[in-house]
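Shown next, in structure tokens, is the structure this report addresses.
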Amino acid sequence: MKKINKERAKWILQKMEDIRHFEAAAKKLFAAGDIPGFVHLYAGEEAIATGVCAHLSENDSITSTHRGHGHCIAKGCDLKGMMAEILGRKTGLCKGKGGSMHIADIDKGMLGANGIVGGGITLATGAGLRNQYLKTKDVAVCFFGDGASNEGSFHEGLNLASIWKLPVVFINENNMYGEGTPHQYASSTETISERAVAYDMPGETIDGKDVVAVYEAAGKAIDRARKGNGPTLIECLTYRDHGHFEGDEQKYKAREGKEKELADRNSVDEFKDYALKEKLLSKKDIENINKQSEEDVQEAIDFAENSSIPEPESLYEDVFAE
Amino acid sequence: MARQITMMQAINEALEQAMDKDENVFLIGEDQSGGATVEHLEEENEDAFGGVFGVTSGLMGKFGRERVMDTPIAENGYMGTAVGAAATGLRPVVELMFNDFIGYCLDTILTQGSKMRYMFGGKAKVPLTIRTTHGAGAGAAAQHSGSYYGLFGAIPGVKVVVPSNAYDAKGLLLSAIEEDNMVVFSEDKTLLGTKEVVPEDYYKVEIGKAKVKREGTDITIVTIGKMLYVALDLAEKLEKESVSVEVIDLMTVSPWDQDTVIESIKKTGRLAIIDEANPHNNTATDIASVIGDKAFDYLDGPIKCICAPDTPVPFASNLEQLYLPNVDRVMDTASEIIEDLKQ
Ligand SMILES: Cc1ncc(C[n+]2csc(CCOP(=O)(O)OP(=O)(O)O)c2C)c(N)n1
């Protein structure tokens, strides 16, 4: 695994900033009534998607969750296409048919945000099977929440990946809540990573607010998978800064002790400090990246707002492959 | 003035009255109270969520967490648990947040609970109510907007109820909870906020009975759930063209009320069915086939099924509106019928 060099550092900060800005825009657009349905925001958890995807190429696949914007951005999905998608425009990555919860771009190895909790887990196992079958060195990475770890698909998916030694990395985002239900109530084990024992794979819990820690742990697991040594489960401890969905009053949140500690942290600022200290980025670099990201997201909004809505006929298209 | 409350409040009231009446009734599902470990909520008789739509709100404060149970996100786990509890004497009311999540827990409904009574020679009963939501129109896209009541209706041993208003919702839910069978109670998520006059007392609406909502002589339109309002709008429009429409709210999708539908066709000679589900192997096609078989002689023209298109539910608002059967779309079919009537 490569250490974070200047180029990597730039990439990481840029993706983190893109996620922050994109999510801030989505929040505003939703409040203005421009986005139908639900919006689940990821900002605050961006260290995980970026730390992991920093190791991936377009040949590698990821599966995502209903909170998928961050994973899409980190996997290289086009911001314009994403914004157009959540506004329901025909220029959206899914032609306006999927929306926020189903953004996907197979060409970029992004197998979809997912409206079904735990839905991506076995799909990632399947992508891993494909990699092994075709003898590629590609890996599949599955992002999933603490809530999802209680679905049957988690247990079945990890077992299959383990018995076949598939190149899959399971990245659990433990943000402490599944909707209004805390992980500590919903899970029989204190950590999710200790469940790895049952499936005979390495498991560890790491600081999911620290992009460097995520980068290092994911790098090891991805190397292991590429070498044919099988799957790994990594639990990234983080915090869901936003409501479950926009508009959620969050009456169930405690915001004390460890929760408050995590809530008060800012992964982006922490990484900036790190990069400055390690001389990976200069202050000027940081400013430029921020500016660039703001511009890119604004451009995406303009593009989306100026795009037309889907043609009526498209309702009937893409049900079957022709 | 008679009290008007929303469908959501009516369902909540039914749950409260059923729980008051029978200690074996309890609620189980995701975020039924929400914040399962937050103590102050209990003290203040409040819930963080009350189910994600807020339908079970306030019940945890009154009945405690033993009777308003939050579950992990584990549909197969809690649905199976509910089946097991029902088969051994309790009366669980499960909330499956969106009917689209049925994939995870269909097994316990299809191959376990629904078959127990039959397989066990009539010795078991499974008094289980499954509350769930269906329907497009909320911008929730393909994995949260399906209408799968027809799919449940295809399972022997399962009754399926789809209320169109707050009054029927309360009465049907109380009937469902008292039933010794598995009942799927499917709420259209876009109707939950609609108001109706609802009595405060405990009353039941019979499962398996349809209601004639508007009398007419030229054509019968059978509707399911929200489609009732499409038919009523259409009936108004057609009245101006001197076409008299009889509208039937089916209310129970399985077993559906053949007598009421056939009686109506005897009078009108024509049938159209509006069903928001996809157009094949659904409730509409079931009705058409049964009527074709049993009431062919009373028909003066072809049966028309007006359904959603044969596609998943799209996200973009304009496409979603096209997806839903609405008055304009139904008008096309109506015009054909009018032409037919004139001949
Ligand atoms: C099968 C299924 N069950 C329930 C839901 C409703 N739902 C959507 S997100 C969510 C919470 C998921 O929690 P978690 O996996 O921890 O992810 P987080 O929201 O914390 O990122 C639930 C219950 C769903 N979409 N799919």
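Odds and ends about this structure:
- Count of region B:312-343 residues, restricted to those that are under 18 Å from A:Gly98 (Cα atoms), within 21 Å of the chain's Cα centre (by Cα) and not in a helix (DSSP H, G or I), is 3.
- Out of B:Val253, B:Val261, sole residue that is in contact (Cβ under 8 Å) with a residue 40 or more places away in the chain and over 28 Å from A:Tyr316 (Cβ atoms): B:Val261
- Test result for A:His55, modelled with pLDDT of 95 or more and closer than 26 Å to B:Val313 by Cβ: no
- Qualifying position, being within 14 Å of the ligand (Cβ to nearest atom) and either outside any loop (DSSP other than H, G, I, E, B) or within 14 Å of chain B (Cβ to nearest Cβ) (or both), among A:Ser153, A:Ser188: A:Ser153
- No other residue among A:Lys279, A:Lys291, A:Lys253 is outside any loop (DSSP other than H, G, I, E, B) and either among the basic types (Lys, Arg) or within 16 Å of the ligand (Cβ to nearest atom) (or both) apart from A:Lys291.
- Scan of region B:96-134 for residues that are surrounded by fewer than 19 Cβ atoms within 10 Å (Cβ to Cβ) and within 16 Å of the ligand (Cβ to nearest atom), ordered by number: B:Gly103, B:Leu106, B:Asp107
- Among (1) within 13 Å of chain A (Cβ to nearest Cβ); (2) away from the ligand (no atom under 11 Å from the Cβ) - the single one B:Tyr78 does not satisfy: (2)
- Selected residue (only one of B:Val247, B:Val253, B:Val243, B:Val290 is among the aliphatic types (A, V, I, L, M), out of contact with any Lys or Arg (no Cβ under 8 Å at 6 or more places or on another chain) and within 15 Å of B:Ala210 (Cα to Cα)): B:Val253
- Being within 16 Å of the ligand (Cβ to nearest atom) and in a helix (DSSP H, G or I) holds for only one residue in A:Ala113, A:Ala124, A:Ala161, and it is A:Ala124.
- Pair list, Cβ under 9 Å, 6 or more apart: region A:307-321 residue more than 8 Å from every other protein chain (Cβ to nearest Cβ), other residue among the basic types (Lys, Arg) and outside any loop (DSSP other than H, G, I, E, B): A:Ser307/A:Lys80
- Candidates B:Thr133, B:Thr81, B:Thr108 - the one that is outside any helix (DSSP H, G or I) and β-branched (Val, Ile, Thr): B:Thr133
- Any hit, region A:202-211, residues being away from chain B (no Cβ under 14 Å), within 24 Å of A:Glu156 (Cβ to Cβ) and surrounded by 18 or more Cβ atoms within 10 Å (Cβ to Cβ): yes
Quick grid of which residues meet (1) closer than 30 Å to A:Glu249 by Cβ; (2) modelled with pLDDT under 95; (3) not in a helix (DSSP H, G or I):
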| residue | (1), (2), (3) |
| --- | --- |
| A:Phe143 | yes, no, yes |
| A:Ser149 | yes, no, no |
| A:Phe170 | no, no, yes |
| A:Gly230 | no, no, yes |
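Results for (1) under 26 Å from A:Ala9 (Cβ atoms); (2) within 18 Å of the chain's Cα centre (by Cα); (3) of a type outside the set (Asp, Glu), shown as yes or no for each residue.
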site	(1), (2), (3)
A:Ala196	no, no, yes
A:Thr205	yes, yes, yes
A:Glu216	yes, yes, no
A:Glu249	no, no, no
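- Residue within region A:247-259 that is of a type in the set (Ser, Thr, Tyr) and at pLDDT 95 or above present: no
- When A:Ile48 is tested against (1) aliphatic (A, V, I, L, M); (2) surrounded by fewer than 24 Cβ atoms within 10 Å (Cβ to Cβ); (3) within 16 Å of the ligand (Cβ to nearest atom), just one condition goes unmet, and that condition is (2).
- Residue match in region A:135-147 (condition: over 27 Å from A:Asp34 (Cβ atoms), free of Cβ contacts under 8 Å to residues at least 40 places away in the same chain and either surrounded by 24 or more Cβ atoms within 10 Å (Cβ to Cβ) or more than 11 Å from the ligand (Cβ to nearest atom) (or both)): yes
- Filter result for B:Phe185 (within 14 Å of the chain's Cα centre (by Cα) and in a strand (DSSP E or B)): yes
- Selection of region B:26-62 for residues being in contact with a helix residue (DSSP H, G or I) (Cβ under 9 Å, 6 or more places away or on another chain), within 16 Å of the ligand (Cβ to nearest atom) and facing another protein chain (nearest Cβ under 10 Å) yields B:Glu30, B:Gln32, B:Ser33, B:Gly34, B:Gly35, B:Ala36, B:Thr37, B:Asp47, B:Ala48, B:Gly50.
- Selection within region A:65-77 - touching a residue at least 60 places away in the same chain (Cβ under 8 Å) and away from chain B (no Cβ under 13 Å): A:Arg67, A:His71
- Hits in region A:157-184 - residues which are surrounded by 15 or more Cβ atoms within 10 Å (Cβ to Cβ) and either basic (Lys, Arg) or within 12 Å of another protein chain (Cβ to nearest Cβ) (or both): A:Lys165, A:Met176, A:Tyr177, A:Gly178, A:Glu179, A:Gly180, A:Thr181, A:Pro182, A:His183
Here is a yes/no grid of residues against (1) away from chain B (no Cβ under 14 Å); (2) over 22 Å from B:His144 (Cβ atoms); (3) touching a residue at least 24 places away in the same chain (Cβ under 8 Å):
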| site | (1), (2), (3) |
| --- | --- |
| A:Ser61 | yes, yes, yes |
| A:Leu87 | no, no, yes |
| A:Cys94 | no, no, no |
| A:Met101 | no, no, yes |
| A:Lys108 | yes, yes, yes |
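- Candidate set: region B:84-95, residues that are under 25 Å from B:His144 (Cα atoms) and more than 16 Å from the ligand (Cβ to nearest atom); chosen: the one surrounded by the most Cβ atoms within 10 Å (Cβ to Cβ): B:Val93
- Considering (1) closer than 19 Å to A:Pro231 by Cα; (2) of a type outside the set (A, V, I, L, M, F, W, C); (3) within 16 Å of the ligand (Cβ to nearest atom), the lone condition that A:His55 does not fulfil carries the number (3).
- Of the residues examined, A:Tyr177 is one that is within 16 Å of the ligand (Cβ to nearest atom) and at pLDDT 95 or above.
- Failed item in (1) within 13 Å of chain A (Cβ to nearest Cβ); (2) more than 25 Å from B:Ile5 (Cα to Cα); (3) out of contact with any helix residue (DSSP H, G or I) (no Cβ under 6 Å at 6 or more places or on another chain); (4) surrounded by 21 or more Cβ atoms within 10 Å (Cβ to Cβ), with B:Arg65 passing the rest: (4)
- Candidate set from region B:135-144 (those that are within 16 Å of the ligand (Cβ to nearest atom), at negative phi and crowded, with 24+ Cβ neighbours inside 10 Å); member that is farthest from the chain's Cα centre (by Cα): B:Ala140
The values are calculated or read from the model by the stated rules, or taken from the named source; none is laboratory data. What you see is a predicted model; the values in this text were computed from it and never measured. When we count neighbours, we look across all protein chains shown, and the Cβ atoms used for this are built from the backbone with ideal geometry, even at glycine.
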